[in-house]
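The values are calculated or read from the model by the stated rules, or taken from the named source; none is laboratory data. Being a predicted model, the structure only gives us computed values, none of them experimental. Cβ coordinates were reconstructed from backbone atoms using ideal geometry, including for glycine residues, and neighbour counts include every protein chain displayed. Areas reflect the complete protein model, heavy atoms only, side chains present, ligands, DNA and RNA absent. Shrake-Rupley method; radii C 1.70, N 1.55, O 1.52, S 1.80 Å.
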Amino acid sequence: METTLHRQLKEHYAASGGLTEQRIGRYRIDVIRDKQLIEVQLASLTAIRDKIAALVKKHDVLIVKPIIICKHLVKLRRAGGRIVSRRRSPKKRTLLDIFDELVHFTRVYPHRRLTLEVLLIEIEEHRYPGHGRRRRWRDNDHLVEDQHLVQIHEVHQFRTAADLCRMLPEKLPRQFHTGHLSEGLSVERWIAQRMAYCLRHTGAIQQVGKLRGAWLYEQPDTKAA
């Protein structure tokens, strides 16, 4: 079932003359606007990988990928019932989470007909007691009734592999490893490793050697400069 959040985002992108829920061959498209096909993808990008690979052969495609950076949890007494409480979720997500999506999407992105638009959004999530409703309601014991858009905070567009390099730390050695990324971005090493994997497989960076067992990378235009 479509969430309110998905419908709101479709309407947002169709607001300037776009058409929603159109068919192109065997595929249903969320929005078609100015000959561009727009897909709003709340779930993993992996789920639409084959669909997008087929569509970009003949069409310009915009993937809209929301990342929820702020979530307000609204607890209901029961499905469709009254509100019991509301609080802000402690979970934090950032723009860097897009690399979680790109890990299995590098066979499709980048492509000259494909644009990835990442939205950093704030939402409300309405939830009610799940299977343990007869016991004290725990945070992981719930069912989601719906999600609603509160605000779009930021919009980031990525068309080329080089665009991904905007997320690299400002001060990097000419040749760097994932430890430099981890320190420069203040993230755990495994996050930096996933980022480096995506950047390498999209062609944004290249491997140039090793230093004490760690792969070294640099941007392709570094040597030319």
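Some notes on this structure:
- Low-density loop cleavage sites - GluC sites (Glu not before Pro) in segment 1-30, where at most 13 other Cβ are within 10 Å (DSSP): 2
- Along segment 161-166 the Karplus relation, 6.51 cos²θ - 1.76 cosθ + 1.60 evaluated at θ = phi - 60°, assigns HN-Hα couplings of 4, 4, 4, 5, 5, 4 Hz to successive residues, with x for each Gly and Pro.
- Between helix 4-14 and the chain there is an angle of about 60 degrees, using the helix long axis and the longest principal axis of the Cα atoms.
- Candidate residues 197, 217: accessible-area rank, largest first, probe 1.4 Å: 197, 217
- Per residue solvent-accessible surface (Å²) - segment 64-197, probe of 1.4 Å: 59
- Note on residue 91: lysines with a C-alpha under 30 Å away, same-chain residues under 8 apart excluded, are 10, 65, 71, 75, 171.
- Reach of residue 35 by Cα under 19 Å, taken over aspartates and glutamates that are not fewer than 8 positions away in the same chain: 11, 21, 60, 117
- Annotation note: GluC sites (Glu not before Pro) in segment 160-220 located in DSSP loop regions with a Cβ neighbour count of at most 14 within 10 Å are 170, 188.
- For the set 4, 46, the ranking by accessible area, highest first and with no ligand, DNA or RNA atoms included, is 46, 4 under a 1.4 Å probe.
- These residues, 65, 51, go from largest to smallest accessible area, 1.4 Å probe, as 51, 65.
- Rounded, prolate or oblate (a/c below 1.5 giving rounded, otherwise prolate when a/b exceeds b/c) for the chain by Cα gyration tensor: oblate
- Computed helical MRE - 222 nm, the chain, DSSP H runs ≥ 4 contributing -39500 (n - 2.57), nearest 500: -6000 deg cm²/dmol
- Antiparallel bridge percentage (DSSP; both residues within the chain; nearest 5): 65
- Using θ = phi - 60° and Karplus 6.51 cos²θ - 1.76 cosθ + 1.60, couplings along segment 118-123 (whole Hz; Gly, Pro as x): 9, 9, 9, 10, 10, 9
- With every protein chain in place, the chain: carbon and sulfur % of accessible area (1.4 Å): 47
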